[in-house]
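Before I ask anything, here is the structure I am working with.
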Amino acid sequence: MTELDAVVLGAGVAGLYQLHQLREQGLRVKAFDAAGDVGGTWWWNRYPGARFDSEGYIYQYLFDEKLYKDWSWSQKFPGQPEIERWMHYITDRLDLRKDIQFGTRVTSAHYDEDRGRWLVHTDQGDVVDTQFFVSCAGMLSAPLRNIPGIESFDGQLVFTSAYPAEGPQLEGKRVGVVGVGATGIQVIQTIASEVGHLTVFARTPQYMLPMKNPTYGPEEQDWYKSRFEELKATIPHTFSGFEYDFEHAWADCSPERRQEILEEIYQDGSLKLWLAGFGEVFFVDEISEAVSEFVRDKMRARLRGDQHLIDTLVPTDYGFGTHRVPLENGYLEVYHQDNVDLVNVRDNAIAQIRPEGIELADGTLHEFDVIILATGFDAGTGALTRIDLRGRDNRSLAEEWGQDIRTTMGLAKHGYPNLLTTAVPLAPSAALCNMTTCLQQQTEWISGAIRDLKADGKSTIEPTADGEDAWVAHHEELANATLVPKTTSWYLGSNVPGKPRRLLSYIGGVGTYRQKCDDEAAGGYPTFSRT
């Protein structure tokens, strides 16, 4: 048995920084990760076309100016290999590797109420006795693998969420891709020119925005590095943790001016239309429909009037921005290639995978050499509910979240003392936040809470039941004021059968959330019990 002050689950963006901060406090701390090296999302997701859709110069740590400036991005939206190299750069500069155990999955964590400590077990036989158990496992790290017959396929089947470093050879092959979310889009637009024949299975159409991805040389790198202080002061306080924020009010603009603004922001080639256009798009049906129709028109024009493509790929039953909005580069044009077919599985679902390929509900069989599944995640909750995690009185987190998804600020859970969390429900997360912005803030709050606990001569911290009730009520009030809960998507857990329906990400804004967290700490943690 190993005795530690803290165990950190995960060695991605949150885990690395959390490990660094707790070590700086002088704590004995170790991180565990099932991956073969650092990176989290950027280690597992090696699929063709994987890249940022946050600008590289804001998807960075901002606690150290030299650390920031000593790395240079080669593009505005860098790809996975470059991102993984950046993660290694961070790890080596901070000398973190010596306190990370890779290839190790945490299987259980049980709280011993008599001793006020956690007993953590891994699949490698480790047993760790620790005061704090800190989850940095990520919001999108529990992949869904729920299509029957996966093991029966005679060809090569891969998941984008665990794509092999040396991926399957696709040249000249018959390839099927299941899923047209953000990941599926990146895969499809990247491999379409390489494969012999590509068949895409699409269920839920997506609004999308074109990506403009210029290369960065010394001049561009100097430009963004010179903005370090500006970005550090601005990004943590915007609505979404990006550098831009909402600047226009719909009611203040004439119809002509609204169209000009939409066109101008659309041409930016980023997520700006979603996260810094008209904020009323999240609240007012008529405004949502107007902006949605603007984006639909752009998509229809690129689909050249092909009604099958339009019916399958252009959304009509939900509003722009109420689902995840992907960036793409030539994606829609792929479907005009002679070697690409599009199959609508909204009303004729995938029934199973057979040795030859994919069978639909009506019995149609599509044969393939390679199948790529971009079928999503059990977002927010899945990483922890797949662990046997038990708090006071042997209560099970999987059972509790299976009935009602509740947290206090997404940072802790009533009934689980000294369990501190990042990227779990009811905090800003991947749905509505630039993740490095949010993860830095959440890990800094956790580090501060542990430091204050020790300074005050206390040993445990846990949300009160009343405090958790108040945060859930606040979260629901904000969510229900928007159009987002009216949709069906992974934002509300709708992609996981039986999962309780609740907006997983806090929608009050990154800056607002930060202030509420700061106020909680400054006020002596009034919604927490510290003993």
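The values are calculated or read from the model by the stated rules, or taken from the named source; none is laboratory data. Note that the coordinates shown come from a computational prediction; the quantities given were computed from them, not determined experimentally. Every residue, glycine as well, gets a Cβ built from its backbone with ideal geometry; the counts of neighbours run over all protein chains shown. Each accessible area value is taken on the protein alone, full model and side chains, heavy atoms only, with ligands, DNA and RNA left out. Shrake-Rupley method; radii C 1.70, N 1.55, O 1.52, S 1.80 Å.
To the nearest 10 degrees, how steep is helix 13-24 against the longest Cα principal axis of the chain, on a 0 to 90 scale?
Compared with the principal axis, the helix lies near 20 degrees.
Additional query: Could you size up the charge dipole of segment 1-160 around its Cα centre, putting +1 on the beta carbon of Lys and Arg and -1 on that of Asp and Glu, and report it in debye to the nearest 20?
360
Next question. Across every pair of different alpha-carbon atoms, what Kirkwood hydrodynamic radius in Å does segment 303-361 reach?
13.9
Could you point to the residue in G184, Y491, G380 farthest towards the positive end of the chain's charge dipole, with +1 and -1 charges on the Cβ of Lys/Arg and Asp/Glu respectively?
G380
Just reorder H366, H308, H475 by solvent-accessible area, largest first, 1.4 Å probe, all chains present.
Correct descending sequence by accessible area is H308, H366, H475.
Put one equal scatterer on each alpha carbon of segment 179-338, apply the Debye formula with no solvent term, and list log10 I(q)/I(0) at q = 0.10 1/Å to two decimals.
-0.44
Where a Cα-Cα gap under 12 Å defines reach, which aspartates and glutamates qualify for K69, not counting those fewer than 8 residues away within the same chain?
D222, E229
Enter the mean projected area of the convex hull around the alpha-carbon atoms of segment 258-368, in nm², rounded to one decimal.
Mean orientational projected area (segment 258-368, Cα hull): 8.5 nm².
Can you give me the angle between helix 465-480 and the longest principal axis of the chain, using Cα atoms only, in degrees from 0 to 90, rounded to the nearest 10?
Roughly 20 degrees between the two axes.
Assign unit charges at the C-beta atoms only (+1 for Lys and Arg, -1 for Asp and Glu), then state the dipole size of segment 201-256 relative to its Cα centre in Debye, rounded to the nearest 20.
400
May I ask you to order 341-347, 19-25, 431-437, 235-241 by the average number of other C-beta atoms within 10 Å around their residues, highest value first?
Put in order of decreasing packing, that is 431-437, 235-241, 19-25, 341-347.
With both partners inside the chain, how many of the DSSP beta bridges are antiparallel, as a percent to the nearest 5?
Around 40 percent antiparallel, to the nearest 5.
Counting only protein chains, not ligands or nucleic acids, how are D338, D393, D126 ordered by accessible area (probe 1.4 Å), most first?
Descending order: D338, D393, D126.
If you don't mind, there's one more thing I want to ask. Mind running the shape call on segment 21-111? Use the C-alpha gyration tensor, a ≥ b ≥ c as the square roots of the eigenvalues: rounded below 1.5 for a/c, prolate if a/b tops b/c, oblate otherwise.
oblate
Which one is right for this structure if Rg and Dmax of the Cα atoms in Å is calculated from it: (i) 38.2, 120; (ii) 23.1, 70; (iii) 39.4, 188?
Correct label is (ii).
Can you give the accessible area of D311, probe radius 1.4 Å, in Å² rounded to 10?
80
Tally Lys/Arg at +1 and Asp/Glu at -1 over every other residue whose Cβ is under 10 Å from the Cβ of G103; what's the total?
-2
Please report the accessible area of D112 (heavy atoms, 1.4 Å probe, ligands and nucleic acids excluded) in Å², nearest 10.
Number for this one is 50 Å².
Quantify how much of the Cα-Cα distance distribution of segment 101-153 extends past 14 Å, in percent.
66
Now, a different point. Write out the cysteines belonging to the chain for which the nearest other cysteine Cβ is not under 4.7 Å, or none if no such cysteine exists.
C136, C253, C517
Accessible area of R46, 1.4 Å probe, to the nearest 10 Å²?
About 60 Å², ignoring ligands and nucleic acids.
Under 18 Å between alpha carbons, and skipping anything fewer than 8 positions from K30 in its own chain: which lysines qualify?
List returned: K98.
Also: Using the crude model of +1 on Lys and Arg Cβ and -1 on Asp and Glu Cβ, and no other charge, please compute the dipole size for the chain relative to its Cα centre, in debye to 20.
760
Write down the Å³ per residue value for the convex hull defined by the alpha carbon atoms of segment 299-448.
Hull volume normalised by residue count: 188 Å³.
Over the C-alpha atoms of segment 462-527, what are the Rg and the largest Cα-to-Cα span, Dmax, in Å?
Radius of gyration, then largest Cα-Cα span, for segment 462-527: 13.8, 40 Å.
Where does helix 255-266 land angle-wise versus the long Cα axis of the chain, in degrees 0 to 90, nearest 10?
70
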